[in-house]
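Here the structure is laid out as structure tokens; the discussion comes afterwards.
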Amino acid sequence: MTLARRRAHRGFLAGAVDRHLAILFPLPALLLVGALALYPLIYTILLSTRSYDLGLRGYSFVGLDHYVTALTSDRFWDAFARTFWFTLLSVAGSIALGLVMALILNREFRGARWARTAFLMPMVATPVATSLVWMMMFNPTLGVLNYLLSLVGLPPSVWVADPRLVIPSLVLVDIWHFAPFAMLILLAGLRSLPPEPFESAVMDGASRWQMFWRITLPLLRPMLVVVLIFRTIDSLKVFDIIWVITAGGPGFSSETLYVFAYNQAFKYLDLGYGSAVIVVFTAIVAGASVVWIRARERAWA
């Protein structure tokens with residue numbers, strides 16, 4: 001190759017690189033993230049089509065049998081219903097409490113900075129550590145919660161030992177842990193609201209409730225949708241809080257889909273069936289994400 005042709009070849013390559021910098025620079029990171037995300041998903045789908053023996057030394061191909069078994073199992077749908085109610089109560093409670101906390105901390109008062117820091121402390125602690133503390137608080141005989149009930153004249157409760165109260169009790173722990181996250185985003189949204197609509201409303205004689213309902217909430221809708229997206233995804237895949245406090249008990253009364261899949265795969269050593277449940281659960285989370293992302297686009301429109 002002559003010198004002129006080499007220079008022309010280098011110039012062509014340099015021009016091609018310059019024209020595609022927007023793709024070439026993020027490409028290594030995209031490939032790495034794609035590999036880390038796709039490989040476990042593909043491997044889990046592959047596991048879901050196999051049936052392993054008890055020694056995990058051999059397997060047989062079963063196709064979609066595990067999916068049919070899961071979707072026709074009462075225990076699967078009971079776990080799905082518990083996951084749904086846990087997510088609904090947790091998301092609604094954390095957003096409502098986070099909004100109240102944000103409205104309080106949005107005002108300037110003595111010690112406001114210290115109060116904001118203190119309200120964020122539950123979010124800093126690890127879920128496993130806080131779950132161990134809550135498990136001691138739920139103790140029917142030694143727990144502080146029953147002591148607090150006795151101070152106001154209420155009868156003691158068995159909390160997570162009662163199949164009817166175990167989901168609300170776990171929801172209480174999840175709300176306490178993640179409501180500061182909702183507060184942080186909503187507080188940032190409140191700080192970014194323009195003052196002009198509120199000044200006009202005050203001049204027109206609007207009450208605080210009218211300003212909150214007609215001005216604050218509509219302007220805060222994009223932030224509420226963002227919190228809704230993150231909290232829904234987080235609540236759907238909660239495992240550590242439930243496993244540490246109840247391990248899915250008493251009986252199966254707190255067994256959500258995540259706990260159900262874990263039990264099938266690692267307690268009963270049915271990796272194929274547990275993987276099929278995880279794939280179905282992933283599809284549910286992906287569907288919820290698409291719905292909320294579209295809602296977010298409409299909120300920002």
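The values are calculated or read from the model by the stated rules, or taken from the named source; none is laboratory data. All of these numbers come straight from a predicted model, not from anything done at the bench. All Cβ positions, even for glycine, are placed from backbone atoms using ideal geometry, and neighbour counts span all protein chains on display.
Only a single item in (1) in contact with a Leu (Cβ under 9 Å, 6 or more places away or on another chain); (2) modelled with pLDDT of 90 or more; (3) part of a helix (DSSP H, G or I) is not met by ILE215, and it is number (2).
Within the range 192-239, the only residue that satisfies the criterion of being of a type in the set (Ser, Thr, Tyr), within 29 Å of the chain's Cα centre (by Cα) and surrounded by fewer than 18 Cβ atoms within 10 Å (Cβ to Cβ) is SER192.
If you check VAL173 against the conditions, is it out of contact with any Pro (no Cβ under 8 Å at 6 or more places or on another chain), crowded, with 19+ Cβ neighbours inside 10 Å, of a type in the set (Val, Ile, Thr) and at pLDDT 85 or above? Yes, satisfied. Would you mind finding the one in SER200, SER253, SER235 that is in a loop (DSSP other than H, G, I, E, B) and either more than 30 Å from PHE281 (Cα to Cα) or small (Gly, Ala, Ser) (or both)? Within the list SER200, SER253, SER235, the selection yields SER253. Every residue in the range 99-140 that is in contact with a helix residue (DSSP H, G or I) (Cβ under 8 Å, 6 or more places away or on another chain), farther than 23 Å from VAL166 by Cα and either in contact (Cβ under 8 Å) with a residue 24 or more places away in the chain or of a type in the set (Lys, Arg) (or both), please. Selection gives LEU99, MET101, ALA102, LEU103, LEU105, ASN106, ARG116, PHE119, LEU120, MET121. Restricting attention to the range 266-301, the residues that are in contact (Cβ under 8 Å) with a residue 12 or more places away in the chain and assigned to a helix (DSSP H, G or I) add up to 22.
In this structure, is TYR67 within 17 Å of GLY274 (Cα to Cα) and in contact with a Gly (Cβ under 9 Å, 6 or more places away or on another chain)?
Taking the combined requirement at face value, the residue does not satisfy it.
Filter the range 121-157 down to the residues that are surrounded by 15 or more Cβ atoms within 10 Å (Cβ to Cβ) and either small (Gly, Ala, Ser) or over 14 Å from ILE241 (Cβ atoms) (or both) and list them by number. Listed by number, the residues that qualify are SER131, ASN139, GLY143, LEU145, ASN146, SER157. For the range 27-57, name all the residues that are without any contact (Cβ under 8 Å) to a residue 60 or more places away in the chain, surrounded by 10 or more Cβ atoms within 10 Å (Cβ to Cβ) and more than 31 Å from the chain's Cα centre (by Cα). The one that is without any contact (Cβ under 8 Å) to a residue 60 or more places away in the chain, surrounded by 10 or more Cβ atoms within 10 Å (Cβ to Cβ) and more than 31 Å from the chain's Cα centre (by Cα): ASP53. Do the conditions hold for VAL100, that is, is it of a type in the set (Val, Ile, Thr), in contact with a Lys or Arg (Cβ under 6 Å, 6 or more places away or on another chain) and in a helix (DSSP H, G or I)? No.
Among the residues making up the range 145-160, those that are assigned to a helix (DSSP H, G or I) and either modelled with pLDDT under 90 or over 28 Å from the mean Cα position of the chain (by Cα) (or both) are ASN146, TYR147, LEU148, LEU149, SER150, LEU151.
What tally of residues in the range 161-176 results from selecting those that are closer than 19 Å to SER235 by Cβ and part of a loop (DSSP other than H, G, I, E, B)?
Total satisfying the criteria: 1.
Tell me yes or no: at least one residue of the range 80-90 is surrounded by 10 or more Cβ atoms within 10 Å (Cβ to Cβ), of a type outside the set (Ser, Thr, Tyr) and assigned to a loop (DSSP other than H, G, I, E, B). No.
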